[in-house]
Amino acid sequence: MTDLQLNSNQLRVSIIGLGLLGASLGMALRGKNILRTGWARREEIRKAAINYDVVDEVFDTPQESVRNADIVVLAMPIPQILEYIPLLGDCMKKGSTITDLGSIKESILKQSATLPAEVFYIGSHPMAGTEKSGFYAAFPTLYENADVFITPAQNAPQSSVDQLFSLWKCIGTHPSVIDAKHHDAIVARTSHVLHVLASALTTGILDARDSDTEAELFRGCATGFRDTCRIASSNPQMWREIVEHNREAVLDALEEFDQIYNKFKQEIRDRDFDSFEKDFARGKLLRDRWLEYKKNNSR
């Protein structure tokens, strides 16, 4: 992949949406010799973005922010990403790239067909985030050591893919290129189902018939519950939108999980604890291997 050419021609990156993801990206790009422009719907956030050095310039409209950008980043909920792609495409210069930080890609890729011929869509999905949201939850190391899926449209030139790849590399992430449909199937299994299960598990454990029972359940939950169910505190509307736009892949992933979960139930029912221990050990092994992968990819 080519390195960013930032000395003679400073790269201009416009971040549309300055919540957790967009503001954290702006912070991460500090000191990279990149001109950061941005827009947020609320004037308060636009002013704060300058005061906290999240971006170098803000504009009153998203159209102004993207006009001279080389790369436009849509850091917004999925419905707004779908809305803003056709609104902004005609304002962007020839040869520029529009990307997004959305958790699904196939629907957004289809919407990118509305872009002018010389504006290229290349999706981005950094595997990073927290259960919190909003500008004031942002921090500069959110993306550090994160894997990032890059999903180019067919018409995107390799030079534009390389440029976006290098942008993600320069803030310490590990980008890789993947097909949009395959991306949606993977993240349904690795992310979307986790949020569904965390919410279901939290409800199943804590939903009580009366206040006394609830108090007993609360006392019975410690760090294991906290760590397992942390993401149940995520934004419900956001997750409704994600699952709605990735419905089939999420259902497929839930079916796969059901098979494994039901196998554990059957082993317990049959008192087949040798098989239970073997399957439990398999889960431990896979998690340990994942931890080793993350350790080896850290900087």
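The values are calculated or read from the model by the stated rules, or taken from the named source; none is laboratory data. Values in this document were obtained by computation on a predicted structure and should not be read as measured data. Positions of Cβ are generated from backbone atoms using ideal geometry, with glycine treated the same way; all protein chains shown enter the neighbour counts. Note: areas computed on protein heavy atoms with side chains; ligands, DNA, RNA excluded. Shrake-Rupley method; radii C 1.70, N 1.55, O 1.52, S 1.80 Å.
I'd like the trypsin sites (Lys or Arg not before Pro) in the stretch 190-285 restricted to DSSP loop residues with at most 10 other Cβ atoms within 10 Å, sorted by number. Write down the numbers at each step before the final one.
Details: sites: Arg209, Arg219, Arg226, Arg230, Arg240, Arg247, Lys263, Lys265, Arg269, Arg271, Lys278, Arg282, Lys284; in loops: Arg209, Arg271.
Here the sparse-neighbourhood loop sites are Arg209, Arg271.
Counting only protein heavy atoms, what percent of the accessible surface of the stretch 54-121 is carbon or sulfur at a 1.4 Å probe?
That fraction is 48 percent.
Using the basic label-point model (7 angstrom from Cα toward the beta carbon), what is the Ser176 to Gln63 distance in nanometres?
4.1 nm
With every protein chain kept in place and ligands, DNA and RNA left out, what is the accessible area per residue of the stretch 241-299? Probe 1.4 Å, answer in Å².
Per residue, the stretch 241-299 has 85 Å² of solvent-accessible surface.
What's the center-to-center distance, using Cα atoms, between the stretch 95-122 and the stretch 207-271 in Å?
When both Cα centres are located, 33 Å separates them.
Just to be sure I understand, if you calculate semi-axes √(5λ) of the Cα gyration tensor in Å for this structure, which of (i) 32, 20, 17; (ii) 39, 22, 19; (iii) 44, 22, 13 do you get?
Only one listed value fits the structure, namely (ii).
How much of the accessible area of the stretch 174-299, probe 1.4 Å, is carbon plus sulfur, in whole percent?
Looking at the stretch 174-299 in its full context, I get 54 percent from C and S.
Using θ = phi - 60° and the Karplus form 6.51 cos²θ - 1.76 cosθ + 1.60, what ³J(HN,Hα) does each residue of the stretch 259-265 get, whole Hz, x for Gly and Pro?
With the stated coefficients, the stretch 259-265 comes to 4, 6, 4, 5, 5, 4, 4 Hz.
Starting at the first residue of the stretch 225-238, write each ³J(HN,Hα) from the Karplus equation 6.51 cos²θ - 1.76 cosθ + 1.60 with θ = phi - 60°, in whole Hz, x for Gly and Pro.
Per residue, the Karplus-derived 3J(HN,Hα) values read 5, 4, 6, 6, 10, 3, 6, 5, 7, 5, 5, x, 5, 4 Hz.
Measuring with a 1.4 Å probe in the full set of protein chains, what accessible area per residue, in whole Å², belongs to the stretch 65-195?
On a per-residue basis, the stretch 65-195 sits at 39 Å².
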